[in-house]
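What follows is a single structure, written as structure tokens, with notes after it.
No value in this document is a laboratory result; all are computed from the given coordinates. These numbers were taken from a predicted model, which means no experiment stands behind them. For neighbour counting, all protein chains shown are included, and Cβ atoms are generated from backbone atoms with ideal geometry for every residue, glycine included.
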Amino acid sequence: MTEHPNLLPLNEFPKKHEGFTAPGLRWLYWRSRSVTRTVQGGNGRREVKELPANGFKTAFRRIGRRIFIDEDEFFACIDRQNERLTDAK
């Protein structure tokens with residue numbers, strides 16, 4: 001039998017885990033995929049920049065218009081990022 005992830009709606013997650021806010025989680029969701037942006041360069045020219053993903057793509061699930069967070073995977077993503085930061089030192 002397949003084990004189902006513990007999904008919480010994005011707006012319910014901050015109620016269970018008070019250290020997070022809904023706007024902050026939405027920002028993590030939208031930055032979980034890499035995006036290309038056109039920015040104004042220092043010399044007045046427009047430049048295209050690739051903004052990298054933040055590593056949280058596996059923690060979010062979208063069902064229709066609703067965004068859900070896989071609670072276990074979310075904290076696993078945080079652990080992976082913390083490991084990378086401590087390994088880099």
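Can you find even one residue in the stretch 41-51 that is free of Cβ contacts under 8 Å to residues at least 40 places away in the same chain and in contact with a helix residue (DSSP H, G or I) (Cβ under 6 Å, 6 or more places away or on another chain)?
As a first pass, look at the stretch 41-51 and keep what is free of Cβ contacts under 8 Å to residues at least 40 places away in the same chain: 41-51.
Checking which are in contact with a helix residue (DSSP H, G or I) (Cβ under 6 Å, 6 or more places away or on another chain) leaves us with none.
Checked against the condition, which is being free of Cβ contacts under 8 Å to residues at least 40 places away in the same chain and in contact with a helix residue (DSSP H, G or I) (Cβ under 6 Å, 6 or more places away or on another chain), the stretch 41-51 yields no hits at all.
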I want to confirm something. Restricting to the stretch 23-45 and keeping residues that are among the hydrophobic types (A, V, I, L, M, F, W, C) and within 15 Å of Ala59 (Cα to Cα), which single residue is nearest to the chain's Cα centre (by Cα)? Leu28
Among the residues of the stretch 1-54 satisfying the criterion of being part of a loop (DSSP other than H, G, I, E, B) and among the hydrophobic types (A, V, I, L, M, F, W, C), which is surrounded by the most Cβ atoms within 10 Å (Cβ to Cβ)? Leu10
Residue count, the stretch 55-89 (criterion: in contact (Cβ under 8 Å) with a residue 12 or more places away in the chain and not in a helix (DSSP H, G or I)): 9
In this structure, is Gly19 of a type in the set (Gly, Ala, Ser), touching a residue at least 24 places away in the same chain (Cβ under 8 Å) and out of contact with any His (no Cβ under 6 Å at 6 or more places or on another chain)? no
